């Protein structure tokens with residue numbers, strides 16, 4: 001261990017955690033789950049190559065969780081409707097704020 005694959009997995013996991021925890025919006029959070037998924041694949045590969053089966057199994061489960069996260073943030077029809085409503089409300093709010101700021 002300690003090769004490029006493990007370094008990719010460690011760095012991608014750190015960046016993905018920042019993206020998800022940072023609450024930078026749904027698109028960034030979804031990309032964070034995608035990055036987590038690629039890191040999980042790297043850990044699975046590394047675990048299988050080095051004989052550390054628990055690491056591979058843990059990341060196989062995490063990969064499934066990341067797929068669920070991507071579904072929730074990008075593909076779920078219910079959540080897509082909510083996102084559309086929220087985005088419209090945010091646009092209206094920003095327009096009111098801009099108008100109120102210009103009037104000041």
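The values are calculated or read from the model by the stated rules, or taken from the named source; none is laboratory data. Quick caveat: nothing in here was measured; it's all calculated off a predicted structure. Virtual Cβ from ideal backbone geometry, glycine too; neighbours counted across all protein chains shown.
When we screen 83, 28, 44 for residues that are surrounded by 14 or more Cβ atoms within 10 Å (Cβ to Cβ) and more than 28 Å from residue 5 (Cα to Cα), the only hit is 83.
Here is a list of conditions, (1) more than 23 Å from residue 6 (Cβ to Cβ); (2) at pLDDT 90 or above, and residue 98 meets all of them except one; can you say which number that is? Of everything listed in (1) more than 23 Å from residue 6 (Cβ to Cβ); (2) at pLDDT 90 or above, residue 98 misses just condition (2).
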